[in-house]
Amino acid sequence: RVQDGEVGVRGFAAGYSQILIGGEPAPVGFNLSQLSPQQVERIEVLRAPVAEHGAQAVAGTLNIILRDPPFQWQRELKLGLTTNGGHQAMNASATVGGRKGALAFSVPLSVYQWAQPVRTFTSVQRRDAHGQETRFQTEASDVLRGHGLNTSPRLTWRLADDQTLTLQGFGVINWFNGDEFGRTQVLEGSGPESVRDMLRQRGRFSTWRLGGQYERRDRKSTRLNSSHGYIS
């Protein structure tokens, strides 16, 4: 189940499912709507929890395998428009790739906007220091907006018929903001009848990752893997 770009497996909420990109954990704040379909080769679903994936994978794991470089020159551009709760957001994706001799490369780039309306109701009942019962209710509304980009460049170098060197990168950067307006009304007890407040949010997150793999196909099928990442 996918809702607002977040994945839930076997009826569990999104927090109990883990998303991997090429076998590595997805960056904080990442959701599927930020990844262009042109970047994805396939999605592997592991329904049973696995110890190596940690507590977040209680419900299951989705492993997103990114596309290999194409066998021929590729130029592609796509534009899109989405609507969520009456708020529109645009997105675009472009891919450049090809192969020349022993080298093959692919450079996909996706830029996007998103908007997520949020409305909450909170009712609280408690007693103050004098034992007097107080009840109040809070109603708040907010529209979280953001924009960002991601890319997953890949370079494959065939060293020999049985040897391949692959470099795979992944990067995402996202800016978001939101203004929440709330109204608290006292239903019983002391205090002002109504209080209005505003909460303003501004932020940015980014993740950059580069991994390399050397593969030698022989009787022993040798593989060496190395990856480095940066999160801010």
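The values are calculated or read from the model by the stated rules, or taken from the named source; none is laboratory data. On a predicted model such as this, the values are computed, not experimentally measured, just so you know. Because the Cβ atoms are built from the backbone with ideal geometry, glycine has one as well, and the counts that use them run over all protein chains shown. Heavy atoms of the whole protein, side chains included, go into the accessibility calculation; ligands, DNA and RNA do not. Shrake-Rupley method; radii C 1.70, N 1.55, O 1.52, S 1.80 Å.
Can Gly169 be described as closer than 26 Å to Met90 by Cα and touching a Phe, Trp or Tyr at 6+ places or on another chain (Cβ under 6 Å)? The answer is no for Gly169.
Every condition in (1) modelled with pLDDT of 75 or more; (2) open to solvent by 30 Å² or more (accessible area, probe 1.4 Å); (3) within 28 Å of Gly203 (Cβ to Cβ) holds for Gly85 except the one numbered (1).
The selection criterion, being basic (Lys, Arg), touching a Lys or Arg at 6+ places or on another chain (Cβ under 9 Å) and within 30 Å of Gln18 (Cβ to Cβ), holds for Arg67.
The residues in the range 108-125 that are open to solvent by less than 70 Å² (accessible area, probe 1.4 Å) and touching a residue at least 24 places away in the same chain (Cβ under 8 Å) can be counted, and the count is 9.
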